[in-house]
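The values are calculated or read from the model by the stated rules, or taken from the named source; none is laboratory data. Values in this document were obtained by computation on a predicted structure and should not be read as measured data. For neighbour counting, all protein chains shown are included, and Cβ atoms are generated from backbone atoms with ideal geometry for every residue, glycine included. With ligands, DNA and RNA removed, areas are computed over all heavy atoms of the protein, side chains included. Shrake-Rupley method; radii C 1.70, N 1.55, O 1.52, S 1.80 Å.
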Amino acid sequence: MSGPTWKTYLFAYFGLLALLLVNTLIAFLNLGGFGTVIEIGLATIMACLVAGILMHGFYQMRLVQIIIAGGVIWFLIMMSLTLNDYFTRGWLPFHEG
Amino acid sequence: MSDPVTLELREHFATVEQQRGTADTGMWLFLMTELMMFGGLFVAYTVYRFNHPQAFAEGSASMDIMLGSINSAILLTSSLTMGFAELSAKLGRQRLLGILLLVTILIGLAFLGIKFTEYYEHYQQHEAPGVWFNRTGPHAPAVQMFFVFYFIMTGLHAVHMIIGIFLILGLISRNMIGSFSSAYNTPVSVVGLYWHFVDIVWIFLYAIFYLPGLHK
C-alpha cells in the first residue's frame, strides 16, 4: 500500500494554511448568508485534504473508502432530515383533532 | 511483546497488509462513530443558530479571532508533525519518530494552553454559561445558548486532544523500548488517524464559532 510522501504532506499543510487564511479573510466581507456557505464549504475542502492526504483516505483500500463514504452519507442523512423537520415547522397551519 | 518481529505479523492474519488494513478499518469505524457524536452537536448548533441568528452573531463577535486563528494554525502544524512521525516510523527512523511525537505533544499542549486562556477570558467577561453568565440585552438568553454550545463542543474537542496526547505518550514509551520498525508501525498510523480526525473537528468548530462574528 503506497502512501503520501514528505512533499505531499508539506503540500497539504501549506494548502491547509492558505485555506485557513482565505476562510478567515472572507469572513470579514459582507456576503450575507452566502458567507456562511462559503465558510463551511472551505472548511469542508480543508477536511477533505486532511482526510485524503494526512489520514491517507486517497490511498486506503476500497473497503475503508466505503466506510468513510458510508459514515459521511449517514451523517448527511441525519443532518438533512433533522434540519428539514426544524426548518419547515410553522409552514403549514396545525389543526388539532 | 516488544519484539518488532513477533508484532509484525500476528498469527491470525495471513499477510502484513491484511493486518494493517484490519487496524485501519477498525479505527475508521470508530472515527465514524465519533463523526456521529460530534455531528449531533453540529446539527443542534445549526438549529439554534437558524432560530436565533442575531444572538449567535453577537456571541460569535465575543470570540478572539486572533487566538482562534493561531490555534487553528497550531493544530494544523501538529497534524503535519504527526504525519511526518508516521513516515519516520515507516522508514524505521526511530529517533526521528520519537522527536516528532514529542514535538506533536508540545504543539498539542500549546493549543490547549491557548484554549484554556480563552476559557478564562470568557469566564472573566461573564460569558461562561450558568450562574457565571451575566449579560443583558434582548438576545441575552440565546447568547447564553451560543456559549453553551461553544463550551460543550470545544470542551469535548479538548478532551479528545488530551486523550490523543496520552495516546502519543504511549507511542513514545513503546518507541523507546524499540517496539516499532519499518516492518511494524501500525499503532503510530492508527493514533495518527485519531489525531488528524480531531484536527478535522476543530476546522469546523473554528468555522462555526469564530467566523460568524466577523460578518459586517
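Given in Å, the Rg to one decimal and the Dmax to the nearest whole number for the Cα atoms of chain A are 19.0, 67. For a paramagnetic label modelled on B:LEU167 (point 7 Å from Cα along Cα→Cβ), amide N atoms under 20 Å away belong, within the stretch B:11-36, to B:19-36. With a simple spin-label model that places each label point 7 Å from the Cα along the Cα-to-Cβ direction, the separation between A:PHE87 and B:ALA14 comes to 4.7 nm. Quick note on the stretch B:83-144: its Rg to Rh ratio, both from C-alpha atoms and Rh being the Kirkwood radius, is 1.39. Here is how the number arises for chain B: DSSP H runs of 4 or more residues each give -39500 (n - 2.57), the sum is divided by the residue count, and the result at 222 nm is -27500 deg cm²/dmol. The residues of chain A expose, per residue, 62 Å² of accessible area to a 1.4 Å probe. Both chains summed, the buried accessible area for A and B stands near 4100 Å², from protein heavy atoms and a 1.4 Å probe.
Averaged over peptide B:94-107, the number of partner chain Cβ atoms lying within 10 Å of each residue's Cβ comes to 0.
With the simple model of a label 7 Å out from the Cα in the direction of the Cβ, A:HIS95 to B:SER62 spans 4.6 nm. Label separation (B:ARG95 vs B:PHE116): 3.4 nm, computed from points 7 Å beyond Cα along the C-beta direction.
Take B:146-153, B:129-136 and order them by the average number of nearby Cβ atoms within 10 Å per residue, most first; the result is B:146-153, B:129-136.
Surface analysis of chain B yields an accessible area of 42 Å² per residue, using protein heavy atoms and a 1.4 Å probe.
Calculated on C-alpha atoms, the gyration radius of the stretch B:133-216 divided by its Kirkwood radius gives an Rg/Rh of 1.22. From the largest down, the stretch A:1-58 spans 45, 17, 8 angstrom on the principal axes of its Cα atoms.
Expressed as a whole percent, the accessible area of the protein assembly as shown that falls on carbon and sulfur atoms is 71 (1.4 Å probe). Extents of chain B, taken as max minus min of Cα coordinates on every principal axis and listed largest first, are 67, 31, 29 Å.
Between B:VAL47 and B:LEU29, residue separation times 0.36 nm minus the direct Cα-Cα distance comes to 3.8 nm. Working value for the protein assembly as shown: equivalent-ellipsoid semi-axes of 38, 22, 17 Å, each the square root of 5 times a Cα gyration tensor eigenvalue, largest first. Note on chain B: GNM, Cα springs under 10 Å; of B:GLU11, B:GLU34, B:GLU86, the largest mean-square fluctuation is that of B:GLU11.
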